[in-house]
Structure formats: C-alpha cells, structure tokens
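The values are calculated or read from the model by the stated rules, or taken from the named source; none is laboratory data. If you're wondering where the values come from, they're calculated on a predicted model, not measured in any experiment. Cβ placement follows ideal geometry from the backbone for every residue including glycine, while neighbour counts extend to all protein chains displayed.
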Amino acid sequence: MNAPWTRFTPAMLLGWLNNRPVLQQAIGNTGWLMFDRILRMVIGITVGTWVAKYLGPSQFGELSYVISFIAFFQVIADLQADGIIVRDIAQEQGDVSVILGTTLWLRIFLGTIAWLCATGLAFLLHPFDTQLVLLIFIVGGSMIFQSAETVDIWFQSQSKSKMTVLSKSAAYLFSNSIKIVLLLTKAPLSAFAAVICLECAVFSLSLVIAYRRHPTSERWTARISQAKIILSQCWPFTLSGVMITAYIRIDQIMLKEILGERELGLFAAALTISNVWTVIPTTLVTSLAPFVARKMHQDTQQYKDLLVKIFRLFAVLAILGILLTSALSPWIIGLLFGPQFHSAAAILSIYVFVNIFIFQGIAQTLWVINTNVRSVTLIGTTAAAILGVISNTILIRTCGVMGAVYSIMLTQGTAVVILPCLLRQDLRELYMRAFFPLKVNHQQ
C-alpha cells in the first residue's frame, strides 16, 4: 500500500486493508473526489457569498434564474449517459474507443443545438429584456465545452478520478480568481455570467491535457451504429433528467416570474448552503459506481446487500447535516451573506430537510443504472415535474417564498420514494431491509 493517504492510517486498519485491494482503490478514488468537492465547496462558499453580497438579492436572483433556465438545456446536451457508459466500460460491453468517441460527438452536436434553442426561447419569452437574453446567451455557451467531460467518463471507469480532480481544481481556482478581480473592480453582472462559461472552457482544456497523459489504447472514433445504441439506452434518462430539472428548478423559474428577482435571490442563498451537503453523496456515488456495477455482474445477493448499506449510510449522513444546518441557519446566513439576506435564514432552516430525499435519490441512481428501470424513473420524474408546476403555482401565491420550499419537499418525496416504491417491489424490499429490518425479518 503506497498511496499517500496510508501514511495517516492507523496500523491496525492498514493490516485489515492489506488483503482488500478493491477496497483500497475505492478509498483512494473517493479521497481524491472528496478533496475536489471540499475544495470547490470552500472556495465556492467564500467567493460565491461575496458575489451574492456584491450583487445583492435582486441581481443575484437574476443570475440564479439564468442558471436555472440553462439547466434544462444542459441536461439534453449532456445526454445523462455517464452512468450507463461507466457501467458498459466496467463490464467490458463494447469497444471503449468507439463508445467514448461517439458520446463526444453526440454531446458536441446536441450542445450546439441546445445553446441556440436556449437563446431563441429566452428571446421569445422576454423580447424586451435585452440583458436577460444576453446573460442566457453567454452562460449557454458552456454547453458546447461540457462535451469534453466525456474524458471524465473514461477516468471514472478506470477509477482514476485524480486526473479529473486536478483538472476541475485548476479550472475552479482560475475562474474564482477571475471573480475576485471582477469584485474588486466592481464589474457588471454580465462579467460574472461570462466567468461561468470561461470556467467550463478551462476545465475542458485541462481534461484534454490530462487525457493525453492517460489515453485509451486506441484513438476515439464515432459510429452511427454506436450513436443509435447510446441514444436508445440513455433517452429515458435524458428525458428523466429534464423532468428532474423541471421539479428541482421550476421553483426558481416561477419565483422570479411570480414574486420577482429579490425573492429568488433570498431563496437561492438558502439553496446554496443546503446544497453544500450534497458533496458527500455525489462523491461517494461517483466513486462507488464501477464497484457496484461489478458486484451486480458477479453476485446479485451481495449487490443487494451493498445497496441496503448505502441507503442506510446516506440517510444517516443526511440527518446529521440537516440537524446541524437547521440549528445554525441564522448564524450561517448572517456570517456568509450579511444583513440584506437575513430573511434567507428561515428559508434555509426548513429547506435543508429536503436533503433526506436528495441523498436517497443520489444513492438510488446506483440501483436505477444497474437494474435498468427506465419506465419507473421516467414515470416518477414526470409525475413529480407535473406536481411541481401545480404545487408551485398554488403554494408560491399563497405562502410566498416558503411555498417553493414546501413544493420541492413534496415533489422530491414523490419522485424519490413514493412512486418508485409503489411501482417496483424490489426497490420497496431494499428500503424495507434498510430502514425496517426487524419487521422484514419477522415477516420472513
């Protein structure tokens, strides 16, 4: 065991890990991913809250609206294919160079189309708001650069997340350095929008440089036949991703349209702090995905046992984060955002409870990908998206900003737990084993 992290590991634990090379690899890979996420979290909160204080609730709300608007189109450009492709590569299902090459060109093509469509729709919806259309055009350019993240799929499948971490860290440090310069020079809102696109461009360049040091054995090529396979496999996840984005982001869109930019800015501030905790499950899922896929291929019972443990772990982590954030929300908002955002504290103290469902939703992606339950995912997210539009329309008008909080909790619970468990007995049994083990054993 020569990994750097072993120098800080107790001797007893090192002895236990010596005969577990797969676990060693998972810990090392997760460590790099966690380092990346924590670095981004610390810098993001520090600089992000500075930006929010500089812009104020109204302009911060407008920038949040632009990001939410673009998110719908980013899902389409991304294809939501990472999990599927990592699974296929890990299980050696197909030519790696063809799979990756075809994915790259599909993303470039769809990213270009999505960028043009986003700008056109923004103009149709807000023909007299020139600044808003310009902001969407600027931020939307990032959808072309994000195609380079196909390289990250290759690194994930090989558990070489160190390469991606270094690339992301370089891009993130660069973009936040630019933001600091913009803050000091009192730059306009459009400049901060441009940095979003610039960060994506720098990250893409860094990934390309990293790939040249750790390439695939063969040159990437694109084939129409492979494109058909990828599209046929991922379209339910892409559509589901659009629906997920709809019920997660529609509250911000509707807050701006119904109550205005200021209220959206307050909501976005609370959302920023709450989302910090998602660093943990997203990091763990990214690192665990190849190992869960192999376990599914090798032993079905061990695969189920592993999922049960993951569901439990994610629930505990979510509850710890919720209790800490809810108790300290006034102090957190006051310290990070200042007095002009003081109303966001009450929003944060309630909104953070949605992490119970978010954590389980992230953990559940491991089951979705390996079980290939397209219909369940699509039905659940579609129903949640429709419910989100209806509930936001009613609750925002009657409860103000808190209406958006109640709506997202309702839609997340429906999409992640209620509908999937009603539609799939195997998932319901996994959750029963995870959270009601005594009752399950008694029934058996």
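Please list, ordered by first then second residue, the pairs with beta carbon atoms under 8 Å, 6 or more apart or interchain, first in the range 245-263 and buried (at least 21 other Cβ atoms within 10 Å of the Cβ), second not in a helix (DSSP H, G or I).
E263/G400
Mind listing whichever residues of the range 113-152 are of a type in the set (V, I, T), within 19 Å of the chain's Cα centre (by Cα) and either surrounded by fewer than 23 Cβ atoms within 10 Å (Cβ to Cβ) or closer than 16 Å to Y65 by Cα (or both)?
Those that are of a type in the set (V, I, T), within 19 Å of the chain's Cα centre (by Cα) and either surrounded by fewer than 23 Cβ atoms within 10 Å (Cβ to Cβ) or closer than 16 Å to Y65 by Cα (or both): V139, I144.
Please determine, by comparing only the residues of the range 172-220 that are outside any helix (DSSP H, G or I) and surrounded by 14 or more Cβ atoms within 10 Å (Cβ to Cβ), which one is modelled with the highest pLDDT.
So the residue we want is A187.
Mind telling me which of the residues A122, A118 ends up being closer than 17 Å to T245 by Cα and out of contact with any Lys or Arg (no Cβ under 9 Å at 6 or more places or on another chain)?
Of A122, A118, the one residue that is closer than 17 Å to T245 by Cα and out of contact with any Lys or Arg (no Cβ under 9 Å at 6 or more places or on another chain) is A118.
Any residue in the range 88-106 that is farther than 30 Å from K295 by Cβ and free of Cβ contacts under 8 Å to residues at least 24 places away in the same chain?
Looking for residues that are farther than 30 Å from K295 by Cβ and free of Cβ contacts under 8 Å to residues at least 24 places away in the same chain, one finds none in the range 88-106, hence no.
Matching residues to (1) of a type in the set (G, A, S); (2) at pLDDT 95 or above:
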| site | (1), (2) |
| --- | --- |
| A81 | yes, no |
| P127 | no, no |
| I136 | no, yes |
| V151 | no, no |
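Looking at A384, A293, A318, A327, can you tell me which residue is buried (at least 19 other Cβ atoms within 10 Å of the Cβ), modelled with pLDDT of 90 or more and among the hydrophobic types (A, V, I, L, M, F, W, C)?
Result of the check over A384, A293, A318, A327: A318.
Out of curiosity, is K168 more than 30 Å from F291 (Cα to Cα), surrounded by 19 or more Cβ atoms within 10 Å (Cβ to Cβ) and in contact (Cβ under 8 Å) with a residue 40 or more places away in the chain?
Working: more than 30 Å from F291 (Cα to Cα): no; surrounded by 19 or more Cβ atoms within 10 Å (Cβ to Cβ): yes; in contact (Cβ under 8 Å) with a residue 40 or more places away in the chain: yes.
In short, no.
Quick one: N370 ticks every box in (1) of a type outside the set (D, E); (2) at pLDDT below 90; (3) within 25 Å of L259 (Cα to Cα) bar one, so which box is it?
(3)
Could we say that M163 is part of a helix (DSSP H, G or I) and at pLDDT below 80 here? Before the answer, list the steps.
Numbers: part of a helix (DSSP H, G or I): yes; at pLDDT below 80: yes.
Yes: the conditions hold for M163.
Condition (residue is small (G, A, S), on the phi > 0 side of the Ramachandran plot and in contact (Cβ under 8 Å) with a residue 24 or more places away in the chain) applied to the range 127-147: is it met by at least one residue?
No, there is no match, as no residue in the range 127-147 is small (G, A, S), on the phi > 0 side of the Ramachandran plot and in contact (Cβ under 8 Å) with a residue 24 or more places away in the chain.
Residue by residue through the range 397-435, note down the ones that are under 20 Å from the mean Cα position of the chain (by Cα), over 13 Å from L387 (Cα atoms) and surrounded by fewer than 20 Cβ atoms within 10 Å (Cβ to Cβ).
Answer for the range 397-435, where residues must be under 20 Å from the mean Cα position of the chain (by Cα), over 13 Å from L387 (Cα atoms) and surrounded by fewer than 20 Cβ atoms within 10 Å (Cβ to Cβ): just V417.
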